[in-house]
Every structure is written in C-alpha cells, then in structure tokens.
1. If we keep just the residues of segment 584-597 that are in contact with a helix residue (DSSP H, G or I) (Cβ under 8 Å, 6 or more places away or on another chain) and over 18 Å from SER630 (Cβ atoms), which is surrounded by the most Cβ atoms within 10 Å (Cβ to Cβ)?
2. Sort through ASP428, ASP458 and tell me the only one that's outside the structural domain of CYS493 (by TED's automatic domain parsing) and surrounded by fewer than 18 Cβ atoms within 10 Å (Cβ to Cβ).
3. Taking interchain pairs and intrachain pairs at least six residues apart, which have beta carbon atoms under 8 angstrom, with the first residue in segment 601-623 and touching a residue at least 12 places away in the same chain (Cβ under 8 Å) and the second of a type in the set (Lys, Arg)?
4. Which members of segment 526-576 meet the condition of being hydrophobic (A, V, I, L, M, F, W, C) and part of a strand (DSSP E or B)?
5. Looking only at segment 577-599, filter to residues that are part of a loop (DSSP other than H, G, I, E, B) and over 32 Å from the mean Cα position of the chain (by Cα); which one of those is farthest from ALA657 (Cα to Cα)?
6. Filter segment 402-426 down to residues that are in contact (Cβ under 8 Å) with a residue 12 or more places away in the chain and in a helix (DSSP H, G or I), then give me how many there are.
7. Pick out the one residue from GLY218, GLY242 that is in the same structural domain as GLY524 (by TED's automatic domain parsing), at pLDDT below 90 and under 14 Å from the mean Cα position of the chain (by Cα).
8. At least 2 residues that are of a type in the set (Lys, Arg) and more than 24 Å from the chain's Cα centre (by Cα) in each: list the strands (runs of 3 or more DSSP E) lying fully within segment 248-336 that qualify.
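The values are calculated or read from the model by the stated rules, or taken from the named source; none is laboratory data. Quick caveat, the model's predicted, so the values are computed rather than measured. Positions of Cβ are generated from backbone atoms using ideal geometry, with glycine treated the same way; all protein chains shown enter the neighbour counts.
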Amino acid sequence: MPSHAPDHPDPLARERAHLTASRAALRAMRADVEALDLRDVAANWVNAEALHHQVSERIKALADLADTPLFFGRLDYLHAPGAEVAEGAEGERFYIGRRHVHDADGDPMVIDWRAPVSQPFYQASKKAPMEIGLRRRFGYTGGELTAYEDERLSDPTTETFSGSAGGSQTSKLLQSEIERPRVGPMRDIVATIQPEQDEIVRQGIGGTICVQGAPGTGKTAVGLHRVAYLLYAHRERLARSGTLVIGPNRSFLHYIEQVLPALGELQVAQATVEDLVTRPSLGAVTRGTDSADAARIKGDARLAEVLRRALRSYVTRPTEPCVVVRGSRRWRVPAYELEEIVEELLTRDIRYGAAREALPRRIAHAVLVRMEQAGEAPDDRVQDTVARNPAVKAAVKAVWPPVDPAKLVLRLLSDADFLAEHAEGVLDADEQKTILWAKPSRGVKSAKWSPADLVLIDEAADLIERTPSLGHVVLDEAQDLSPMQYRAVGRRCSTGSATVLGDIAQGTTPWATASWEEALIHLGKEGAGIEELTQGFRVPREVIAYASRLLPAIAPGLSEATSIREAAGDFSVRAVSSAELDAAVIAACHEALRHEGSIGLIAADARIPALAQALDAAGLTHLTPGEETSAESRLTLVPATLAKGLEYDYVVLDEPAAVVDGEPDERTGLRRLYVALTRAVSGLTVVHGAPLPERLS
C-alpha cells in the first residue's frame, strides 16, 4: 500500500495524516457514487428502481461516522504477502478498518477487516507471526486518533511499545477498548476480535456451527461479525438467498441493530421466532398464553407427527371413477386406478400441497395413456387441458381437498376426538387433556392463539407448502427454544447454513434444551460443529466468579468462564431488612450513576411496579429495555425476563430470591438469576432483604 501521509518525524502525526487523507478519500468515493447519472442506464422502470436502490444503499454504506474509527490497526508485512522472501525486500503496509477505502488511482488506503490480507491482525503471534513484522493498534478519543501500540512479531525478544499524544509508554489499547463503558446500543468488536473468535467468524458458508458461550465471551458479537464476513466473502450468493438474525425479543434486537450497519452491512433482516411464525393473513396472531405444561407439550417434537397424521387424514380413498369428456369421446379412469395413484403419492410422503398439485396431472396422464391406446397422439398441451377438466378437478377436490393450516390446528386443539385419533401412541391422555382448549373457539380469527400455537400452525403450513430457505441464519439465545421452534427456524435455512449461539446455563424456559447435539437434530443440522467460548471479555472477574457458584445446580457439565479483564470490577452484596429494601436499591442506583456509562436496575417482574414508583419518588428518570440511553437518562429498569442478551456498565440487582421465586421451578429460577448476575460490565451491587439462594449465601 503506498503511503499517503507526509513524511514527519512524529509517528503519531504521520498516522493522523493518513487518517485525514483516508477520510478525504472516503468522501470522494461517496461523491463519485452520488454523481452517477442513472437516467439512461436501465432498460425499464423495474431495473431503474432496483439500480437506484442499490446506489442509495451504496451511498449509505460509504457514510463516514465521525465517532467510528475509519481504521483501528496496521500490519507491516516483512515482504509482499505470499511472495518469496528476497533479501533486502521491503514488505507492504496495510491499514485495517471497517471498510475498504481507496484513493483516486484505485490504490487501497484502508483494507476491509474481512479481507484475507487482514487476518494476521487477529491471528498472528510471536510464535506464528504469519509474515508480519509489526502489528500496530490505534487508540481513539471522540473520533480523534490519540495513541498507538506496536508489537514486533518478527523479533520474539522485543516488548510491546506504546505511544500516545501525552507521551505515555504504557498504553494498553486492547484492554481499554474491551473495558470501555457501554452507553447506547451494542457496538461491534471488530478492533478486539480474539484468535478463537476470529476462527469462528471466518468459517466457511458451507457448514453450520454452534457456539456455546458463557456470559461475556462475545458469542453474540461473533455471530454478527460472522454474518458480516459471509456477506463479504459470498455477497452475490447471499444477495440472492438472503440472511436473517433471530433474537429472543424486540429489546434484544433493538440493542444489536446497529452492529451490522456500522460494518457497512445494511441488508440483514432481524426477527424473533414469533415474528417468523405469525401469519396475519390466516388470522393467526398471538392473543393468548399457555400454562407452562401446555407450552412444553406443544413445543415437543412429537407434535410434528401428530400434525402429519392429522393432515393426511384429509386424504380419502376414491370410490367413484373419474370420467373425462372430450368432444364425442368419454375417457374413464376406474376408482381402483385412482386409488393406486393416491397411494403412490402418499407413499412418497411429499408435501400435501405438492401432492395435490401432482394429482390432476397423474389422472390426466392415465387419460392420455388411454388416448394413445385408442390410436390418438396427444401432447403436453392435451395433458394440461385434461388436468384442468371439471371432472378431474372434482375428483381431486373429493380425494385431496385443500387444507388451511390454521384450521387444522384449531380442530386439533378444539376437538378431543380428532386429537385422540391422531395422537394415539404419541401423546398420552393427560398430555392430550393438557393441550386441549377448555373453551373451543368459533373460528380462526377469534381464537386465542398462544405463541406455541403459532409454531404448530407454521409446522402445518410447511407440511402443506415448503417454507422458503435463506442462505444463512444466525440464531441467538438458542438455548431457550423448544424442539418445535428449532424446527421452525430450521425450515428457514433448510438449504442454507446457520450460526447457533447460546449458553445452556442461561436456559430459562421449562423446555430449554438439554444439549446442543439434541438441539441441532431438531434444527435439521445434525453433526454440525460445536465450539465453546469460555474466555470472558465483558464480565469482571469477581462478578463471574460469584455467578459461577450457581453452575453446579444449573448446568453441571459446563466449564466455568474466566475473565481476561485486568480490573476486578466493583462488586458488593448488601443485606438489608425487607422494610429498607426499596430505599437501599435507590441508594445503590444513586451510587452507580456517579460512574460513567449505562446503569441497569434488574428485578423480578413482580417487583417492577414498586421499583418504578420508588424511582419516580426519588426523582430518578428511568428507561425501559430498548429505549435509547442519553446523558439525561442512563438508568434502565429491567424485568429479569427481558435481561438476557443485554449489558450495562453497572448493574443493581434487586432481591435475588424474588427472581428465583418468579419462575415455575428452582432450576429455571436459578438460571434466570445467573443471567441477571452476569449483565454487568464494570460493577454489580446485589441488594437483598430476603435470604439469598443457598448457593450464593
């Protein structure tokens, strides 16, 4: 890469000059795109609209965000990457950033972090320097380049050298970036990706990968950066097939929504599982809830077999022949032959709708055979005409009627006899009784569908018509999905790949998965690789050690996470009387607000109204999960059920016993508490009036 910085004795001044020149080049790239004249390029208005959209997205991707460093690192190769080493040859220098930037001659000024030449920035070490002589990291303050840190990888005897605007020789940029306060939505980690994370990020698109990650190990960030990498490496393929990020709730999606746009990727859809399975066109939207037992049974993979049996029951054996009249001739297909056709389609076990579409052509083929035997020479056009004949249509409707998936599920949940017939040997009598509606609905649109019911409708819809598959799906917080929900997600990537992210210890639903191997089977990705991340970057050492006391009770097979953070973190447990609890929590919030960054007050859902009143009485403005933090309002009141996946610089945890008691069983309650304890980035204060759970005492 040619140098664009003027020669200057001060290395920091040279790097700042390169940053200034790179920003100017990025503005020029954007201006070139904005100046494109598209009036006569496209042949028709459809192409013109598509082209205008592409150009608009390109302009957005070239935006220069003042508070986002354009480059964060530099690699000095010993020689040209991949070339033979020549004595005295000088290697190339590459600046590594979030996007590619080139000058007016097309020479690169910043290299995209996803490019192969950038990989040593994350993977090189003194033991394996990967042809790198020097790796430089840059530190920024408010968008201004203020420091750098060098590692001379080619010389294992040298120490890291740092420089800054103040002349400090002790800068630790990587550590400070990891520990930087969290205000607002989730940030990318592109400047701090660790080698074990980078290996997952850069895995090929051909296979599915599952990442088991303890709190603070960066599994969500790894999944998002993996999407960005795959879009870079396989852009044309994924542009056709699409990508999707699936999260547990809207608050979580709002929290992560800026990560991919910051990396220049604007076309990745985001949804919850409920978003995927909601079908307003069928009248299937959530209006009700299930008991924990009913939701667990409805989420069991056995329901797929019950639905399959129920759907196939709509197919009836033909009892009458099909007689097709063409002109003066009558062509008769007897009932036994129709039955053979139907039986053959059933044996193939293809989707209900596909078989229903194939049936008229099979009947028409039987008619054409008779025409040929009579000396006629029919062609494909005749077969199409016969397939549309009223007699054939009537036979198909009688034998293989259309089925509405929502009405099928409605009948199963409302009709005890229908359910018993098709659940025989699959669900016992008590299980059938548990999922039956106490008060049958009069119709699909008036039914009080639960989230689990919508998943059943989605399964039924796929049994009728194939669900379109995307190229890649990221499934985060996957440990909380039921087997039927895994099947719903798996349908969206049946011909593509997936990145599955989660933590068994954070499973807080009664149907939470017991093992990733089992989950991957339900997802349709049996045999996918499973990686475990145990090195924490977010949660302070004392906090993760305290939370890990719960692991033997909630996930005995998992390794305890370790933290690389140098700061132990602020941590305290405060016992007060029940009468003093609210006041003590408010006092802890005041203390936390003296620090820089975001504050999360996490409490059992039942405690939220009382705490909201206490905060208002104390004059503390507070947000709800998903709202933007600001200088005026940095405190968020978080129900424990919505805390998963979120993070705050300082957390005040109210009454751990209430968090546990708010769940249907102790294991789920302790897992919910484990989630709440591990949301802190810099400090955690636990305030309790009731005795702590035994393992935390």
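1. Kept after step one, since they are in contact with a helix residue (DSSP H, G or I) (Cβ under 8 Å, 6 or more places away or on another chain), are these residues of segment 584-597: 585-586, 589.
From the residues that got through so far, the ones that are over 18 Å from SER630 (Cβ atoms) too are 585-586.
Details: VAL585: 28, ILE586: 20.
Ranking the candidates gives VAL585 first.
2. Details: ASP458 fails: surrounded by fewer than 18 Cβ atoms within 10 Å (Cβ to Cβ).
Among ASP428, ASP458, only ASP428 is outside the structural domain of CYS493 (by TED's automatic domain parsing) and surrounded by fewer than 18 Cβ atoms within 10 Å (Cβ to Cβ).
3. Listed by first residue and then by second, the contacts come to ILE602/ARG679.
4. The answer is ILE530, LEU533, PHE571, VAL573, ALA575.
5. Filtering first and then ranking leaves ARG594.
6. 17
7. Exactly one residue qualifies, and that residue is GLY218.
8. Answer list for segment 248-336: 329-333.
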